[in-house]
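Worksheet: the structure to be examined is printed underneath.
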Amino acid sequence: MDKLKMIGGKPLQGEVLIAGAKNAALPILCACLLSKDPIELRNVPDLQDVRTMLKLLKNMGVQVSFPDPENRTHLILSAASITSFEATYDIVKTMRASILVLGPLLARLGKATVSLPGGCAIGARPVDQHIKGLKAMGAAMKIKGGNIEAKAERLQGASILTDMITVTGTENLLMAATLAKGTTTLENAAREPEVSDLAELLVKMGAKITGIGSDKLVIEGVDALHGAEHSVIPDRIEAGTFLCAVAAAGGDVLVKHCRPDTLDAVLVKLREVGLDVETGPDWIRAKMQGRPKAVNFRTSEYPAFPTDMQAQLMSVNAIAQGSSTITETIFENRFMHVQELNRLGADIAIEGNTAIAQGVEALSGATVMATDLRASASLVIAGLAAQGETIVDRIYHLDRGYDRMEQKLTQLGANIERVK
Ligand code: EPZ
């Protein structure tokens with residue numbers, strides 16, 4: 001099991017290139033199931049979760065090719081012939097986003113068997129809204145032996161209003177609606193940029209979608225979708241993670257190939273922390289001198305502060321001047337990083353869905369354990385700021401969502417290495 005070993009205390013200097021967004025790439029890969037024609041994708045991040053999704057799609061008969069074998073971010077997917085409509089537990093249990101094949105399989109084939117994802121470290125994460133929406137579109141949905149067994153002659157357009165805002169729920173229903181008979185409205189739809197990026201690809205494939213970027217999507221079903229080319233939107237969470245690293249460790253970093261316009265809520269908070277932020281169309285220059293200032297924040301759906309950035313900004317608050325409150329409103333158990341940060345000398349208490357951090361002068365290195373993807377990132381950020389040596393264990397969590405983070409940090413001057 002790989003670990004990351006780092007010696008903290010060095011400011012970060014230089015440039016970092018941001019990869020394509022994991023949470024856009026995952027639904028976009030599944031969109032290939034909607035058409036017999038190939039889709040060509042660029043800027044796909046080379047991550048564990050993407051490799052898992054490609055394995056799942058290949059198991060279904062999707063042909064995956066890399067025009068340039070050296071370049072794993074450019075690929076062509078062809079779902080001309082789908083040989084299986086099943087997403088089995090062995091894959092689904094390693095990646096909940098596998099649920100995103102459900103809508104496209106139902107729309108294209110009229111049947112799907114997808115293992116229920118089960119819970120995960122950050123919460124129960126049920127998929128009842130996905131099931132409810134597909135039922136509204138006329139699918140017969142059965143839960144049997146831990147699987148969702150879905151059938152539909154042809155999905156029918158429906159008016160759907162989800163009980164809460166759900167990112168993959170919106171994406172599953174959006175993809176299903178593109179080939180349904182009639183018009184579907186999705187109200188209370190998620191507005192995350194990754195949902196809009198998926199919608200842009202679907203429109204290029206011939207889908208008829210209006211309201212992209214709003215909380216009401218209207219989809220007029222068509223009989224078939226054709227091939228398309230698309231470049232995946234840059235990952236706002238990876239960009240935000242590096243910005244938090246500069247805020248915690250100090251330095252002067254140019255973050256390139258990113259989309260500042262998808263990071264407004266994060267940039268507002270980081271400026272409050274004292275990060276000097278300058279932005280261009282596809283770059284952010286971040287400079288930090290001295291100790292950050294503590295900042296209160298609460299997570300909420302886009303465009304508000306993203307839950308996927310909560311752990312990372314908490315690490316900045318851990319060493320900030322003053323105390324702060326951090327409220328997590330999306331997931332019920334997304335504070336697993338708190339105990340690990342306290343092992344590094346942080347002073348953070350949890351009261352329900354709020355963490356109270358008393359900023360400390362400095363953290364001191366220790367061995368800590370990653371528990372989930374963004375918790376791993378927060379521990380790396382803390383280790384970069386801590387005095388002495390920090391070892392972050394179980395970094396397979398980190399590899400799910402970050403492409404060679406330690407290499408990018410080394411290029412920024414950090415003293416960090418991967419140890420087996
Ligand atoms: C997506 O997860 C992201 N994953 C998550 O990113 C992200 O944290 C989350 O959205 C919130 O932004 C991908 O896009 C692959 P939700 P998702 O459905 O779609 C409840 C990361 O770190 N809910 O928006 O699973 C749910 O329990 C990952 O990259 C239901 O109750 O999240 C949660 O409390 C972590 N029933 C809330 O809604 C449902 O049917 C939001 O969940 C669906 C959701």
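The values are calculated or read from the model by the stated rules, or taken from the named source; none is laboratory data. Everything numeric here is computed off the predicted structure, so don't read it as measured data. Counting neighbours? That spans all protein chains shown, and the Cβs are built from the backbone with ideal geometry, glycine included.
Things worth noting here:
Here's the yes/no breakdown for (1) surrounded by 17 or more Cβ atoms within 10 Å (Cβ to Cβ); (2) over 24 Å from the mean Cα position of the chain (by Cα); (3) without any contact (Cβ under 8 Å) to a residue 40 or more places away in the chain; (4) more than 20 Å from Glu153 (Cβ to Cβ):
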| position | (1), (2), (3), (4) |
| --- | --- |
| Gly61 | no, yes, yes, yes |
| Phe66 | no, no, yes, yes |
| Met95 | yes, no, no, yes |
| Ala112 | yes, yes, yes, no |
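- Against the test of being among the aliphatic types (A, V, I, L, M) and modelled with pLDDT under 95, the options Met1, Met6 yield a single qualifying residue, Met1.
- Residues of region 86-117 classified as within 17 Å of Leu179 (Cα to Cα) and in a loop (DSSP other than H, G, I, E, B), total: 1
- Pairing residues of region 319-347 that are free of Cβ contacts under 8 Å to residues at least 60 places away in the same chain and of a type in the set (A, V, I, L, M, F, W, C) with residues that are part of a loop (DSSP other than H, G, I, E, B) and within 14 Å of the ligand (Cβ to nearest atom), at Cβ distances under 7 Å and at least 6 apart in sequence or on separate chains, gives Ile330/Thr299; Phe335/Glu328.
- Within region 314-353, the set of residues being within 16 Å of the ligand (Cβ to nearest atom), in a strand (DSSP E or B) and polar (S, T, N, Q) comprises Thr327 only.
- So Ala355, is it surrounded by 16 or more Cβ atoms within 10 Å (Cβ to Cβ) and closer than 17 Å to Lys293 by Cα: yes
- If you filter region 368-394 down to residues that are assigned to a helix (DSSP H, G or I) and within 12 Å of the ligand (Cβ to nearest atom), you find that the one that is surrounded by the fewest Cβ atoms within 10 Å (Cβ to Cβ) is Leu373.
- Verdict on Ser364 being surrounded by fewer than 18 Cβ atoms within 10 Å (Cβ to Cβ), closer than 20 Å to Leu243 by Cβ, of a type outside the set (Val, Ile, Thr) and at pLDDT 95 or above: no
- Any hit, region 31-41, residues being touching a residue at least 60 places away in the same chain (Cβ under 8 Å) and touching a Phe, Trp or Tyr at 6+ places or on another chain (Cβ under 6 Å): no
- Residues within region 15-54 that are assigned to a helix (DSSP H, G or I), out of contact with any Cys (no Cβ under 9 Å at 6 or more places or on another chain) and within 16 Å of the ligand (Cβ to nearest atom), tallied: 16
- Residues (within 14 Å of the ligand (Cβ to nearest atom) and either over 15 Å from the mean Cα position of the chain (by Cα) or assigned to a helix (DSSP H, G or I) (or both)) located in region 226-243: Arg236, Ile237, Glu238, Ala239, Gly240, Thr241
- Those residues of region 118-130 which are assigned to a loop (DSSP other than H, G, I, E, B) and either more than 18 Å from Leu174 (Cα to Cα) or more than 23 Å from the chain's Cα centre (by Cα) (or both), in sequence order: Gly118, Gly119, Ala121, Ile122, Ala124, Arg125, Pro126
- Condition met for Leu100 (under 21 Å from Ser196 (Cα atoms), buried (at least 24 other Cβ atoms within 10 Å of the Cβ) and at pLDDT 95 or above): yes
- Criterion applied to Ile143, Ile131 was being modelled with pLDDT under 95 and either touching a helix residue (DSSP H, G or I) at 6+ places or on another chain (Cβ under 9 Å) or within 30 Å of Ala304 (Cα to Cα) (or both), and the one residue passing it is Ile143.
- Selection count, region 161-184, where residues are within 18 Å of Glu220 (Cβ to Cβ) and in contact with a strand residue (DSSP E or B) (Cβ under 9 Å, 6 or more places away or on another chain): 12
- Residue in region 277-288 that is away from the ligand (no atom under 16 Å from the Cβ), modelled with pLDDT of 95 or more and within 27 Å of Glu340 (Cβ to Cβ) present: yes
- Of all residues in region 114-130, those satisfying the criterion of being surrounded by fewer than 16 Cβ atoms within 10 Å (Cβ to Cβ), on the phi < 0 side of the Ramachandran plot and within 9 Å of the ligand (Cβ to nearest atom) are Cys120, Ala124, Pro126, Asp128.
Conditions tested, residue by residue: (1) crowded, with 24+ Cβ neighbours inside 10 Å; (2) among the hydrophobic types (A, V, I, L, M, F, W, C); (3) touching a residue at least 12 places away in the same chain (Cβ under 8 Å).
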residue: Val218; (1), (2), (3): no, yes, yes
residue: Ala224; (1), (2), (3): no, yes, yes
residue: Leu243; (1), (2), (3): yes, yes, yes
residue: Ala247; (1), (2), (3): yes, yes, yes
residue: Asp252; (1), (2), (3): no, no, yes
residue: Lys269; (1), (2), (3): no, no, yes
residue: Glu272; (1), (2), (3): no, no, yes
